[in-house]
1. Among B:Ala145, B:Ala134, B:Ala118, which is at pLDDT below 80 and aliphatic (A, V, I, L, M)?
2. Tell me which residues, restricted to region B:55-68, are loosely packed, with under 12 Cβ neighbours inside 10 Å and modelled with pLDDT under 80.
3. A:Gly104 versus (1) modelled with pLDDT of 85 or more; (2) closer than 30 Å to B:Glu94 by Cβ; (3) more than 10 Å from chain B (Cβ to nearest Cβ); (4) in contact with a Lys or Arg (Cβ under 8 Å, 6 or more places away or on another chain): which is the lone unmet condition?
4. Which condition breaks for B:Gln312 when tested against (1) polar (S, T, N, Q); (2) under 15 Å from B:Ala190 (Cα atoms); (3) modelled with pLDDT under 85?
5. Out of everything in region B:1-20 that is assigned to a loop (DSSP other than H, G, I, E, B) and facing chain A (nearest Cβ under 10 Å), what residue ends up being surrounded by the most Cβ atoms within 10 Å (Cβ to Cβ)?
6. Considering only residues that are facing chain B (nearest Cβ under 9 Å) and buried (at least 23 other Cβ atoms within 10 Å of the Cβ), look in region A:160-184 and name the one that is nearest to B:Cys31 (Cα to Cα).
7. So which residues in region A:154-172 are not in a helix (DSSP H, G or I) and not acidic (Asp, Glu)?
Amino acid sequence: MSELDDEISTSTTLLRRVAAEPTDDAAWDSFVDRYGRMIFRWCRRWNLQDADAEDLTQGVLLQLARQMRGFRYDPDGRFRAWLRTVAYRAWTRFLETRKKPGAGTGDSGVWRLLESAPARDEFVRRIEEEADRELLERAAVRVRARVMPHTWEAFRLLAVEGLSGKETAERLGMAVGAAIVARSKVSRMIREELDKLTPAGGTE
Amino acid sequence: MNSCPDPDALARAVQDPETAPAEILEHLAACQRCRDLLDQNEQPTKWDWLGETEHKHEPKTWFLDRLKAAVRYTVTGPPEPDEPGPNVPGYAIEAEIARGGMGVVYRARDIALGRTVAIKVLRSDLVSHPTQLARFLGEAKALAALSHPNVVQLFQAGESDGKPYLVMEHVADGTLRHAMQTGSWDPIAAAQLVCTLADATAAVHRIGVIHRDLKPGNVLMSANHERTFAGPSALRPKIADFGLARFLESADRLTRTGDVFGTPEFMAPEQARGDHVVVGPETDVWSLGVILYEVLTGRPPFVGMTSIETLQLVKLSPPVSPELVRPGIPPDLVAICLKCLEKKPTRRYRTAESLRDDLDRFLANQPVLALPRSPLGRTALALRREPMAVLGWLLIASVMLAAVGLVLWQRHLARIAATVSAAEIAHLHAQHESTIRELYAVRITLAVRAIADGDFMDAEAWLALCRPADGEPDPRGWEWNYLMNRLHSRAQIELRLADTDKHGFEDVKLVPSTEAFSPDQRRRATIDVAGRLLVHDQDGRLLLQLPAVAGQMIGLKFSKDGRWLAVRTADEKLVVFDGLAP
C-alpha cells in the first residue's frame with residue numbers, strides 16, 4: 001500500500017479514530033478499504049476461492065467492527081493490548097458463528113486449519129502488523145509534507161526502494177553524501193512522528 | 001582519507017542537509033564508518049512498507065462497497081443481536097434464554113459445582129457511573145445474603161467487559177404471566193399466591209431494597225419444589241429482578257427526559273406521575289394489588305387503549321371493583337385488593353408485611369383490617385376512600401349538574417347490574433361493549449367532577465377520551481353533549497389562583513397587564529378604560545365584549561394552547577373564559 005490516503009485526516013490512525021468515535025462513518029469506510037483488503041488477501045493466501053474469501057472477510061470484519069464497538073477502548077489503557085483483544089475476540093467469535101447450524105461449510109480441510117490456534121494467532125498478528133503499517137504510512141505522509149521533494153526522493157530510493165547511494169545520487173543528480181544525509185533526516189523525522197502518533201508512549 | 005568529522009557536525013548536517021558543508025557530504029559518501037554512525041540509533045524499521053506492492057488478488061470494488069454498508073449498519077444499527085456471551089470466570093455460557101430492555105439472560109453452568117445458573121448481563125449504560133456500580137454491587141451483596149424460597153436466589157454479582165452481571169438461580173418453568181393463562185384462579189388460590197409474594201417482598205424490603213417493577217412477568221415459576229398453594233398450577237413463585245428497575249429508570253431518564261419508566265398497567269400512581277422520591281414499600285404493595293386484581297378477575301385494573309391512557313387511569317381513575325368484573329369474590333378480599341390500589345401511598349398497606357398479614361387473616365376466616373365490621377368503620381372507610389367525590393358533589397352548585405350526576409350514577413349502577421347478571425352468558429363481543437360502557441360511565445363521572453372542581457382541562461380530556469375509536473360502538477349519550485356544551489360555552493369558570501400553574505397560566509399571577517395575545521398572535525384581549533374585557537381577532541373584528549366581571553380586572557393571560565383566556569381579578573380570583581380559538 002503506497003497510496004497514502006491523503007484525504008483522510010492524518011492526525012491519527014483509523015483504528016484510533018473508530019475506537020474513539022465509533023459512529024465516524026468515513027473512518028469506518030477507510031477501515032474497510034484497508035483492513036478488508038488485507039483480510040481478503042490473507043484469505044487468498046490460504047488458497048480460498050474468491051467467494052469463500054469474501055465470506056470470511058465479511059464475517060471477520062463485521063465481528064471486528066462489533067467488537068470495537070462493544071468493547072470500547074479506554075484512552076488511558078494500552079492501545080496495543082486493546083487491539084489484540086479485539087482481534088482475538090473477533091476471530092474466535094467468527095469461528096463460533098460459523099459453527100452454528102445453517103452456516104456455510106466451505107472446504108473442510110482449509111477450515112480445519114483456520115480453526116487451529118496458529119491460524120488465530122497469525123490473524124491477530126496480521127491485524128497488528130496492518131495497524132503498524134498504517135501508523136508508519138500516516139507518519140510518512142506527515143513528514144513528506146514538510147521536506148523538500150528531492151530530500152524525500154533520496155529517502156524513498158535509498159530506504160524504501162533499496163537503491164545504492166551511487167544509483168540514488170545519479171538519479172537525483174545530487175551528491176552521494178547529500179542523499180545519505182537526506183535519508184537520515186527523513187527517517188529520523190518519521191520516527192519522531194511515530195512517537196507523536198502513539199500518545200500512550202508505548203512501543204506500538 | 002580525511003579524518004572523520006566529529007559526531008556533532010554530522011548531526012548538524014543531518015538536521016539541515018541543504019546547508020551541510022560539502023566536505024562532510026563528500027566524506028560520508030566515502031566513509032562507511034560514518035554512515036554506520038548515522039544509522040546506529042535507528043531501530044529496524046520496515047521502510048519497505050512504504051513502497052509500492054503489487055497484489056495478485058484484490059477484492060472487487062462492489063464487494064468492498066457492500067462491506068462498507070454492512071459495517072456502517074453494524075456500528076450504527078441496533079445493538080448487536082448475537083454478541084458473544086459474557087466472560088464470567090467460573091461459568092460456562094450455554095445459551096441465551098431471554099433478552100429485554102435491561103439486558104440479556106444466559107443459561108450457564110457453574111463449572112466447579114456443576115449446577116445450572118442464570119446469568120443476567122445488564123446493558124452497559126445502566127450502571128455506568130462508579131457510584132451506581134457501587135450501589136449495584138452493594139445491593140447485590142445484600143440480596144445475595146438473603147435466602148427466601150420465593151425470591152430468585154442471587155449468587156454473585158460483578159462486572160465483565162464493562163457490563164455488570166448477576167449470577168442467579170436458574171428458574172426454568174415460565175412466569176406467572178404464563179401460569180395465569182392456564183386458567184382462572186379461585187379467590188383462595190389468588191390470596192395464597194399474593195400472600196406468598198407479599199411475604200417474599202417483605203423479606204427484601206427488610207434489607208432495604210424496593211422492587212419497583214413487580215408484575216407477572218417478573219414472577220418466575222419453579223416446578224422443582226413441592227406444591228405450595230392451591231392454584232391451578234402446582235408451581236412455586238419466585239420473584240426476580242429486585243432493585244434492578246431503578247437502574248433502568250435512571251438510565252432511561254438520562255436519555256429520554258419526561259418519559260416515565262415501567263409497565264403502565266402495573267405502575268403505581270406515584271411512578272406514573274414520575275414522582276420518584278416517594279417510591280417506597282407502598283409502591284410494591286400497589287403492584288401486588290394489581291397482581292391480585294388480575295389473578296382474581298383475569299384483567300389488570302387499569303387498561304387504556306394506549307399507554308398514555310393507561311397512565312391517566314392509574315393516576316386518576318378509581319379501579320372498577322373486582323367483584324363487578326367477576327362475581328363471587330369475597331368482600332374481604334375485594335377490600336384488601338382495593339386497599340392496595342389506593343392512589344395515595346399512605347392509604348395503602350404501609351408495608352408488604354401488613355398486606356401479607358391481612359391476607360393471612362382472610363385465609364384464616366378472621367376479620368381483615370381492610371374491611372372493618374362495624375357500620376361506623378365502614379362509613380369512615382367509604383369517606384376516606386372517596387373524599388374527593390364527597391367534596392366534589394357538595395361543591396356542585398348547579399341543580400342541573402346535580403341532576404345529571406344523579407342520572408349518570410343511576411345509569412352507571414344499572415349498567416353494572418346488567419354487566420354482572422350477563423357476565424356468565426355474555427360472549428366476548430358483549431363483554432367488550434360493556435367494558436367500553438363502563439369506561440364511559442367512569443369518564444363521564446370524572447368529567448363532571450372535574451368541571452365542578454374547575455379542572456376544565458381535565459374535564460375536556462376525559463370527554464375527549466369518551467370518543468369512540470374507529471369501528472368501536474359509540475357510547476355517548478345526551479350527557480356527553482351537555483357537558484361538552486357546558487365546557488365550551490362562554491360561561492366563566494372561577495379558579496383558585498393557587499391552581500393556575502397546572503393550567504398553563506403561570507405568569508398571570510405575577511404580571512399585571514391590560515393586554516394579552518394568544519400564542520398564535522391572532523387574538524388580542526384587552527381590558528379597556530371602562531373595565532370591560534374585549535377580544536379582537538387579527539383583522540380588528542370584535543369577538544367578545546364582556547362587562548366588568550366581579551372585582552376589578554388586573555391581569556390577562558391566554559393558556560399555552562390558546563384555548564382559554566384567564567382574567568385575574570383584584571380580589572385574587574382567576575376567571576377563565578373560552579379563548580374563542582377559531
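1. The unique qualifying residue is B:Ala134.
2. Residues of region B:55-68 that are loosely packed, with under 12 Cβ neighbours inside 10 Å, as a first pass: B:56, B:60-62.
Answer for region B:55-68, where residues must be loosely packed, with under 12 Cβ neighbours inside 10 Å and modelled with pLDDT under 80: B:Lys56, B:Trp62.
3. So the condition that A:Gly104 fails would be (1).
4. Result: B:Gln312 fails condition (2) only.
5. Result: B:Ala20.
6. By that ranking, first place goes to A:Gly177.
7. A:Gly162, A:Leu163, A:Ser164 - these are the residues of region A:154-172 that are not in a helix (DSSP H, G or I) and not acidic (Asp, Glu).
To keep it simple, each residue is scored yes or no on (1) modelled with pLDDT under 75; (2) touching a Leu at 6+ places or on another chain (Cβ under 6 Å); (3) closer than 30 Å to B:Tyr440 by Cα.
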| residue | (1), (2), (3) |
| --- | --- |
| B:Cys466 | no, no, yes |
| B:Trp478 | no, no, yes |
| B:His488 | yes, no, yes |
| B:Glu494 | yes, no, yes |
| B:Glu515 | no, no, no |
| B:Asp520 | no, no, no |
| B:Leu533 | no, yes, no |
| B:Gln552 | yes, no, no |
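The values are calculated or read from the model by the stated rules, or taken from the named source; none is laboratory data. As the structure is a computational prediction, the values presented were derived from the model and not from experiment. Quick reminder, even Gly has a Cβ in these numbers, built from the backbone with ideal geometry, and neighbours come from all protein chains shown.
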